[in-house]
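S.K.: The structure that follows is given in the form of structure tokens.
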Amino acid sequence: MRMKLKRSILVMAAALGAFASTPAPAQRAREAGVVIGILDPGPLNAITDVDGVQVGHVTIREGRDINTGVTAILPHDGNPFRSRVPAGFVAFNAFGKFIGSTQVVELGEIETPILLTNTLNVAEAAAAAVEWTLDQPGNEAVRSVNAVVGETNDGFLNDIRRRRVTIADARRAIENAKGGRVEEGAVGAGTGTISFGFKSGIGTASRKLPDSLGGWTLGVLVQANYGGVLDIAGVPVGVRLGQYEFKDDVDRGTADGSVVIVVATDAPLSDRNLRRVAERAFIGIGRTGSSFSNGSGDYAIAFSTSMDVRRERDEGRIAQIGDLSNAAMTPLFQAAAEATEEAAINALFAGETVAGHRGTAERLPVETVLPWLTSASD
């Protein structure tokens, strides 16, 4: 215990030293006056606006070389193995490692928390999800667990070859998960990620449909680590700043990196319609200017928390479900696109300059960008 405490203090001291001169992060996009889309956000404008959804981060910063971590998303506060939520999965560009995706596609459900981390620590995150699941009361006879883990490559700011994330770190992310406000930016699985050449990280947003359109809530969490030509709310920010991919007809490779989108909703959806929602989330990423490059692993997973479609492990052979019709899906498609776009921009707004393993990622100069965005909305 003393060794762990001593090590934690050293890690915290290193982190404070690295960020002592960093400017205070800007407000979230909407709080700063940047309105994306036409639907209203939920009370927190976060994935946790979907009742029961919890998020946990473990952030690991050690000196200059280690900037990485784990983020866990739990669909509810019960036992997800015994009370499974339907899910849909989409690989938009499959240059990545998304553990558990084939079973999600086959069975249309998830049975563990969803974990996000860096490319070379997927195995540790998966082991943590398995261990945590086996330890849950009621799972004493379980012999197979489908861990669900996504990743993006944080190898510019993080010495990724050291594979710093441990099973214990990933398990703490699960155990730390809670509802309420979600920390954004350089935290958890977003500690070392970069978007459009600027420091980004984890971002989240939500949409609450009006009662006339069903009243459902849809929330998104994004692990943003991709690039292209940055566009915010229709404004060509990357071009105006002079920082973008293909500038002077040169491919700099900065559009690589990956993005993972996690979508939650309380609408009673089948796994088939959840896959359709996951597909629409990429509209939001496209609106930010993504190139969906060859070297980018672009994934989305969507799940429903509704008890009307919950799959209880102990139910009989015939399950009774209340599935939303296809005709009612369009507002949720709109919500997925808007919330994903805003979540990705929130990740950038929360970014802070980080001096890392192979160089420095500067924060988005929000003070320069904001006048362009607010004048465009007048």
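The values are calculated or read from the model by the stated rules, or taken from the named source; none is laboratory data. Keep in mind that this is a model prediction, so the values were computed, not measured. Reconstructed Cβ throughout: ideal geometry from the backbone, glycine too, with neighbour counts over all protein chains shown.
S.K.: Would the stretch 207-219 turn up any residue that is at pLDDT 95 or above, charged (D, E, K, R) and touching a helix residue (DSSP H, G or I) at 6+ places or on another chain (Cβ under 6 Å)?
M.R.: Checked the stretch 207-219: at least one residue is at pLDDT 95 or above, charged (D, E, K, R) and touching a helix residue (DSSP H, G or I) at 6+ places or on another chain (Cβ under 6 Å).
S.K.: Name the single residue that is surrounded by the fewest Cβ atoms within 10 Å (Cβ to Cβ) among those in the stretch 48-81 being outside any strand (DSSP E or B) and among the polar types (S, T, N, Q).
M.R.: Restricting to residues being outside any strand (DSSP E or B) and among the polar types (S, T, N, Q), the top hit is Asn79.
S.K.: In the stretch 236-289, what residues are more than 18 Å from Asn225 (Cβ to Cβ), modelled with pLDDT of 95 or more and outside any helix (DSSP H, G or I)?
M.R.: Pro236, Ala264, Thr265, Asp266, Ala267, Pro268, Leu269, Ser270
S.K.: Let me ask you something else. How many of the residues in the stretch 320-339 are in contact with a Ser or Thr (Cβ under 9 Å, 6 or more places away or on another chain) and either free of Cβ contacts under 8 Å to residues at least 12 places away in the same chain or surrounded by 24 or more Cβ atoms within 10 Å (Cβ to Cβ) (or both)?
M.R.: Residues in the stretch 320-339 being in contact with a Ser or Thr (Cβ under 9 Å, 6 or more places away or on another chain) and either free of Cβ contacts under 8 Å to residues at least 12 places away in the same chain or surrounded by 24 or more Cβ atoms within 10 Å (Cβ to Cβ) (or both): 4 in total.
S.K.: Another one. Test Thr191 against the stated conditions and say whether it is more than 18 Å from Ile36 (Cα to Cα) and under 13 Å from the mean Cα position of the chain (by Cα).
M.R.: yes
S.K.: Still on this model: For the stretch 269-291, which residues satisfy the criterion of being without any contact (Cβ under 8 Å) to a residue 60 or more places away in the chain and aromatic (Phe, Trp, Tyr)?
M.R.: none
S.K.: Let me ask you something else. Specify which of the listed residues (Gly359, Gly295, Gly322) is under 23 Å from the mean Cα position of the chain (by Cα) and among the small types (Gly, Ala, Ser). First the steps, then the outcome.
M.R.: Values: Gly359 fails: under 23 Å from the mean Cα position of the chain (by Cα); Gly322 fails: under 23 Å from the mean Cα position of the chain (by Cα).
None of the other options fit; the residue is Gly295.
S.K.: Can you confirm whether Asn45 is buried (at least 24 other Cβ atoms within 10 Å of the Cβ), assigned to a loop (DSSP other than H, G, I, E, B) and modelled with pLDDT of 95 or more?
M.R.: yes
S.K.: Output the qualifying pairs, or none if there are none: Cβ atoms under 6 angstrom, residues six or more apart or on different chains, first residue in the stretch 349-378 and in contact (Cβ under 8 Å) with a residue 24 or more places away in the chain and in a loop (DSSP other than H, G, I, E, B), second residue among the aromatic types (Phe, Trp, Tyr) and buried (at least 21 other Cβ atoms within 10 Å of the Cβ).
M.R.: These pairs meet every condition: Gly351/Phe198; Leu364/Phe198.
S.K.: Right, next: Is one or more of the residues making up the stretch 235-257 hydrophobic (A, V, I, L, M, F, W, C), more than 19 Å from Arg280 (Cβ to Cβ), out of contact with any His (no Cβ under 7 Å at 6 or more places or on another chain) and surrounded by fewer than 14 Cβ atoms within 10 Å (Cβ to Cβ)?
M.R.: Yes, the conditions are met somewhere in the stretch 235-257.
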